Number of protein chains: 2
Amino acid sequence: MRWEELDREPCSLARTLSVVGDRWTLLVLRECFLRVRRFEEFEQRLGIARHVLADRLKKLSDAGVLEKVPYQERPRREEYRLTEKGLALYPVLQALLDWGDAYMSGSEGPPIIRRHKSCGHAMHAVQTCSECGEPFGARDIVAELGPGAQGEMLPSGIASPKGSTAK
Amino acid sequence: MRWEELDREPCSLARTLSVVGDRWTLLVLRECFLRVRRFEEFEQRLGIARHVLADRLKKLSDAGVLEKVPYQERPRREEYRLTEKGLALYPVLQALLDWGDAYMSGSEGPPIIRRHKSCGHAMHAVQTCSECGEPFGARDIVAELGPGAQGEMLPSGIASPKGSTAK
DNA sequence: TTGACAGGTTCCGTTTCGGAACCCATTCTA
DNA sequence: TAGAATGGGTTCCGAAACGGAACCTGTCAA
């Protein structure tokens, strides 16, 4: 596959990466979740080249992840805000953050801690099964072809809908 | 910040992206979780340029996410396997997959479904608080400076350890 | 009239990527 | 015993993306 065709791949991961999978996009979104909204502030906090920032903000807006909302007229100025679709990326950031906290923190510990408003504790994310509520890891899941599948998507030895599960 | 210095940023997200944040790495890891292990199979399934693949596999091995294990001698052949550190990236892939299923699937539905071995249901991931077990979203969390913090990391208006919480 | 501010766009030189060709040790096949 | 196949790369070239700096565009204040 080529990079520009990622969004047409029959794979939700590839399609997601076609939106957030390049060099700066997830860092821009980190700032969005920290309530950064204006061009200059993104630029200052990230140290990103201006035209690259402009490109990323445009692509995220086109994808419906951010929206431009005017905050003054004359001269017209607009800021970038997360949409619901953008807010739904929070678990992605959480998962990246948790892995970094666990494997990339120095001896001092993580640079930022997250506090759960309702219970008041410093926390990290635990992924649980939407159906039974139990925590799970890579070894607890099998992949199967779904309704939107096409062609040879799973390597040999992996379960298909009607086949047997992989050993 | 510049891209080559990402791993020295005081931010777990930036540090994680220094390992998995470039064009092909997460797709390579998707294949790893589908039990793809050999150079040729990565190449065929991804359609990635060979030297880019070689570079990504080397970087992931250097980072301790994959390890090369010999599967035959004479001629010596090695395959790439996820380490525990690599397996710990599963929540990242899950989160990306869930967002793609929710926002990037066509009318047919998601191309791959995940089945939870222990409960038997097709499932997606739900992130819950490690402390109280409740599901949470972006609006339920506040960020605070942690032990590894340095300098101006949070935008004005965001809580610091001793300050008040952001509105 | 000049300067500042916010939000870009343009230009240029350096990296990275995509695609194809080539390399190398070993084993299989004719 | 020659030649092809296999698996895992490396090398080379032109195209695309990036980093940095300069420039542009409304509007308002001094």
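The values are calculated or read from the model by the stated rules, or taken from the named source; none is laboratory data. None of the values given here were measured: they were computed from a predicted structure. With ideal geometry, Cβ positions are generated from the backbone for all residues, glycine too; neighbour counts draw on all protein chains shown. Just the protein is used for accessible areas: all its heavy atoms, side chains included, with ligands, DNA and RNA removed. Shrake-Rupley method; radii C 1.70, N 1.55, O 1.52, S 1.80 Å.
Of the residues making up the range B:105-160, those that are of a type in the set (Gly, Ala, Ser), surrounded by 14 or more Cβ atoms within 10 Å (Cβ to Cβ) and facing chain A (nearest Cβ under 7 Å) are B:Ser105, B:Ala125, B:Ser130, B:Ala138, B:Ala143, B:Gly146, B:Gly148, B:Ala149.
Restricting attention to the range A:113-167 and to residues that are among the aliphatic types (A, V, I, L, M) and in a loop (DSSP other than H, G, I, E, B), the residue that is modelled with the lowest pLDDT turns out to be A:Ala166.
Looking across the range A:58-71 at every residue that is open to solvent by 40 Å² or more (accessible area, probe 1.4 Å) and assigned to a helix (DSSP H, G or I), the one that is farthest from the other protein chains (Cβ to nearest Cβ) is identified as A:Lys58.
Condition check ((1) at pLDDT 95 or above; (2) within 14 Å of DNA strand C (Cβ to nearest atom); (3) charged (D, E, K, R); (4) open to solvent by less than 10 Å² (accessible area, probe 1.4 Å)) across all residues:
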{"residue": "A:Trp3", "(1), (2), (3), (4)": "no, yes, no, no"}
{"residue": "A:Glu9", "(1), (2), (3), (4)": "no, yes, yes, no"}
{"residue": "A:Leu29", "(1), (2), (3), (4)": "yes, no, no, yes"}
{"residue": "A:Glu40", "(1), (2), (3), (4)": "yes, yes, yes, no"}
{"residue": "A:Val52", "(1), (2), (3), (4)": "yes, yes, no, no"}
{"residue": "A:Arg56", "(1), (2), (3), (4)": "yes, yes, yes, no"}
{"residue": "A:Glu73", "(1), (2), (3), (4)": "no, yes, yes, no"}
{"residue": "A:Arg81", "(1), (2), (3), (4)": "yes, yes, yes, no"}
{"residue": "A:Asp98", "(1), (2), (3), (4)": "yes, no, yes, no"}
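Only one of the numbered conditions (1) surrounded by 14 or more Cβ atoms within 10 Å (Cβ to Cβ); (2) within 15 Å of DNA strand C (Cβ to nearest atom) is not met by B:Thr16, and that is (2).
For the range B:83-93: of the residues being assigned to a loop (DSSP other than H, G, I, E, B) and open to solvent by less than 30 Å² (accessible area, probe 1.4 Å), which is farthest from DNA strand C (Cβ to nearest atom)? Quick ask: steps written out before the conclusion?
Residues of the range B:83-93 that are assigned to a loop (DSSP other than H, G, I, E, B), as a first pass: B:83, B:88-89.
Now drop any that are not open to solvent by less than 30 Å² (accessible area, probe 1.4 Å), which leaves B:83, B:89.
On the way: B:Thr83: 23, B:Leu89: 19 Å.
The residue in question is B:Thr83.
Take the conditions (1) of a type in the set (D, E, K, R); (2) within 7 Å of chain B (Cβ to nearest Cβ); (3) touching a strand residue (DSSP E or B) at 6+ places or on another chain (Cβ under 7 Å); A:Arg76 misses just one of them, which is (2). The residue that is nearest to DNA strand D (Cβ to nearest atom), among those in the range B:4-25 that are of a type in the set (A, V, I, L, M, F, W, C) and under 16 Å from A:Met104 (Cβ atoms), is B:Leu6.
Looking only at the range A:1-45, which residues are assigned to a loop (DSSP other than H, G, I, E, B) and either among the acidic types (Asp, Glu) or within 9 Å of chain B (Cβ to nearest Cβ) (or both)? Talk me through it step by step, then tell me what you get.
Initially, the range A:1-45 is screened for residues assigned to a loop (DSSP other than H, G, I, E, B), giving A:1-2, A:9-11, A:21-24, A:34-38.
Matches in the range A:1-45: A:Met1, A:Arg2, A:Glu9, A:Pro10, A:Cys11, A:Gly21, A:Asp22, A:Arg23, A:Trp24, A:Leu34, A:Arg35, A:Val36.
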